[in-house]
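Working notes for the structure below.
The values are calculated or read from the model by the stated rules, or taken from the named source; none is laboratory data. No experiment lies behind these values; they were computed from the predicted model shown. Cβ coordinates were reconstructed from backbone atoms using ideal geometry, including for glycine residues, and neighbour counts include every protein chain displayed. Please note that ligands, DNA and RNA were not included when accessible areas were found on the heavy atoms of the full protein model with its side chains. Shrake-Rupley method; radii C 1.70, N 1.55, O 1.52, S 1.80 Å.
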Amino acid sequence: MSYKVYDPQRFDKALTQIMNELDKYPTLFFLDAFGVKGVTFEQICSIADYVSKYKGELFLLFHNRAVARHAGLYKTSYRNSKDQKTAETYTQNLTNLLGHNSDLDWKPKWLECQDQEQKQKFERWALDYFKSRLQEKSSFKGVASFEIKEIYNDSRPQYNIVVGSNHPRKAFGEFLNEFFCEENRLLFFEDDKSGKNHKFLTQLWNCENDERVEIIRPEIIEILRRNNQDWIMLKDVISLIILEIGKLGYLSRPKYREILVDFHKKNIIEAKELGARGNLTLDNYVRAVQ
């Protein structure tokens, strides 16, 4: 396999050279912005344009806590001009990452979030804001994310991987969702290296998934009512739900199927041409009951 190592340089200069040398090949981009500074929203959109023409995917490491640290330097007034100049540099880096004029949105949002719990909410808000902007303004047909945790119960992960694709139903709805779901499961069982607690942890894992199902059910119903007016195969409805939720690995595809089978029993969705036994299969066409 041939490869090339580029000299240390600013990313904006390297990106131009890299894009010119890709020669229209399908490309997998992995970007680590090392915090907030280094990658701009416009550069990410240029990668989206390339991917839309020549195929590929983007994986971007989104630094949740670095985003909050940069936002934390913003104030409505400063003690002196030196503090103000420093703050303007850092906050401009954040605006560059989130996109042109994003400061009109993130600055007032930050001022609402001054205690520690609210700052964590800001991190989640900034991630959702970034994904929605990328979905709206870039050439990507789908944008989703996945939390990177050191331990399973980490309530404040440092990073998320944001993924952009032009084939999201296949990439997100099938492959990546199941991959990240399995990563979650392995992380949950990580401390049980001897396997002595496997049965007990399996029960806890199942309870965890049941809680997630109950949390997500109302959102799935709304997704179906918005998007499932026409007949769609059940397996494609599952992909649609995963894309709409945008949290890769939140539940496995079999778990989403269980939810939809239950919805069918409760007449929330209807199906046509069921099998001889009247069972709902992945290849059945379904739609939301109006």
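Which residues, taken from the range 260-271, are open to solvent by less than 20 Å² (accessible area, probe 1.4 Å) and assigned to a helix (DSSP H, G or I)?
Leu260, Phe263
Report yes if some residue within the range 35-46 is under 20 Å from the mean Cα position of the chain (by Cα) and under 20 Å from Lys119 (Cβ atoms); otherwise report no. Full working, then the answer.
Within the range 35-46, the first condition is being under 20 Å from the mean Cα position of the chain (by Cα), and the residues that meet it are 35-36, 39-46.
If we keep only those that are under 20 Å from Lys119 (Cβ atoms) too, we end up with 35-36.
Yes, the range 35-46 contains at least one residue that is under 20 Å from the mean Cα position of the chain (by Cα) and under 20 Å from Lys119 (Cβ atoms).
A quick yes/no check of all residues on (1) touching an Asp or Glu at 6+ places or on another chain (Cβ under 6 Å); (2) closer than 16 Å to Val36 by Cβ; (3) open to solvent by 40 Å² or more (accessible area, probe 1.4 Å); (4) part of a strand (DSSP E or B):
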site	(1), (2), (3), (4)
Ala126	no, yes, no, no
Asn153	no, no, yes, no
Arg156	no, no, yes, no
Phe180	no, no, no, no
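Only one residue in Leu73, Leu97, Leu15, Leu31 is surrounded by 15 or more Cβ atoms within 10 Å (Cβ to Cβ) and in a strand (DSSP E or B). Which one?
Values: Leu73 fails: in a strand (DSSP E or B); Leu97 fails: in a strand (DSSP E or B); Leu15 fails: in a strand (DSSP E or B).
Criteria check complete, one pass: Leu31.
Taking the range 102-124 as the search range and keeping residues that are outside any helix (DSSP H, G or I) and over 28 Å from Asp49 (Cβ atoms), which one is modelled with the lowest pLDDT? Working first, answer last.
First pass over the range 102-124, keeping only residues outside any helix (DSSP H, G or I): 102, 112-115.
Of the ones still in play, those that are also over 28 Å from Asp49 (Cβ atoms) are 112-115.
On the way: Glu112: 90, Cys113: 86, Gln114: 77, Asp115: 74.
Top of the filtered list is Asp115.
Answer yes or no as to whether Arg133 is open to solvent by 50 Å² or more (accessible area, probe 1.4 Å) and among the basic types (Lys, Arg).
Working: open to solvent by 50 Å² or more (accessible area, probe 1.4 Å): no; among the basic types (Lys, Arg): yes.
When the stated conditions are applied, Arg133 does not pass them.
On the basis of being touching a strand residue (DSSP E or B) at 6+ places or on another chain (Cβ under 8 Å) and without any contact (Cβ under 8 Å) to a residue 24 or more places away in the chain, does Gln135 make the cut?
Details: touching a strand residue (DSSP E or B) at 6+ places or on another chain (Cβ under 8 Å): yes; without any contact (Cβ under 8 Å) to a residue 24 or more places away in the chain: yes.
In short, yes.
Within the range 110-117, is there a residue that is open to solvent by less than 30 Å² (accessible area, probe 1.4 Å), within 30 Å of Leu176 (Cα to Cα) and in contact (Cβ under 8 Å) with a residue 12 or more places away in the chain?
From the range 110-117, those open to solvent by less than 30 Å² (accessible area, probe 1.4 Å) are 110, 113; that's our starting set.
Now restrict to residues that are within 30 Å of Leu176 (Cα to Cα): none.
No, that holds for no residue.
Quick one: would you say Ala48 is part of a helix (DSSP H, G or I) and farther than 27 Å from Phe175 by Cα?
Working: part of a helix (DSSP H, G or I): yes; farther than 27 Å from Phe175 by Cα: no.
It is false that Ala48 is part of a helix (DSSP H, G or I) and farther than 27 Å from Phe175 by Cα.
Just checking, which of Leu28, Leu22 is touching an Asp or Glu at 6+ places or on another chain (Cβ under 6 Å) and of a type in the set (A, V, I, L, M, F, W, C)? So that I can check it myself, show each step before the final result.
On the way: Leu22 fails: touching an Asp or Glu at 6+ places or on another chain (Cβ under 6 Å).
The unique qualifying residue is Leu28.
Among (1) in a helix (DSSP H, G or I); (2) modelled with pLDDT under 95; (3) over 20 Å from the mean Cα position of the chain (by Cα), there is one condition Arg257 misses while meeting the rest; what is its number?
The single condition Arg257 does not satisfy is (2).
Look through Ile220, Ile242 and report the one residue that is within 18 Å of the chain's Cα centre (by Cα), under 22 Å from Val162 (Cβ atoms) and in a helix (DSSP H, G or I). Reasoning before the result, please.
Details: Ile220 fails: under 22 Å from Val162 (Cβ atoms).
Result of the check over Ile220, Ile242: Ile242.
For the structure I just gave you, tell me whether Leu274 is open to solvent by 40 Å² or more (accessible area, probe 1.4 Å), touching a helix residue (DSSP H, G or I) at 6+ places or on another chain (Cβ under 7 Å) and farther than 30 Å from Pro157 by Cβ. Walk me through it before giving the result.
Details: open to solvent by 40 Å² or more (accessible area, probe 1.4 Å): yes; touching a helix residue (DSSP H, G or I) at 6+ places or on another chain (Cβ under 7 Å): no; farther than 30 Å from Pro157 by Cβ: yes.
When the stated conditions are applied, Leu274 does not pass them.
Looking only at residues in the range 100-109 that are closer than 14 Å to His70 by Cβ and over 21 Å from the mean Cα position of the chain (by Cα), which one is surrounded by the most Cβ atoms within 10 Å (Cβ to Cβ)? Let's see the steps before the verdict.
Initial filter on the range 100-109 (closer than 14 Å to His70 by Cβ): 102-103, 106-107, 109.
Now drop any that are not over 21 Å from the mean Cα position of the chain (by Cα), which leaves 103, 107.
Values: Asp103: 18, Lys107: 16.
Residue satisfying both the conditions and the ranking: Asp103.
Applying the selection to the range 135-151, what residues are out of contact with any helix residue (DSSP H, G or I) (no Cβ under 7 Å at 6 or more places or on another chain) and not in a strand (DSSP E or B)? Full working, then the answer.
From the range 135-151, those out of contact with any helix residue (DSSP H, G or I) (no Cβ under 7 Å at 6 or more places or on another chain) are 135-136, 147-148, 150-151; that's our starting set.
Gln135, Glu136, Glu150, Ile151, listed by residue number.
Of (1) open to solvent by 90 Å² or more (accessible area, probe 1.4 Å); (2) over 18 Å from Tyr250 (Cα atoms), Asn197 satisfies all except one. Which?
For Asn197, the failing item is (1).
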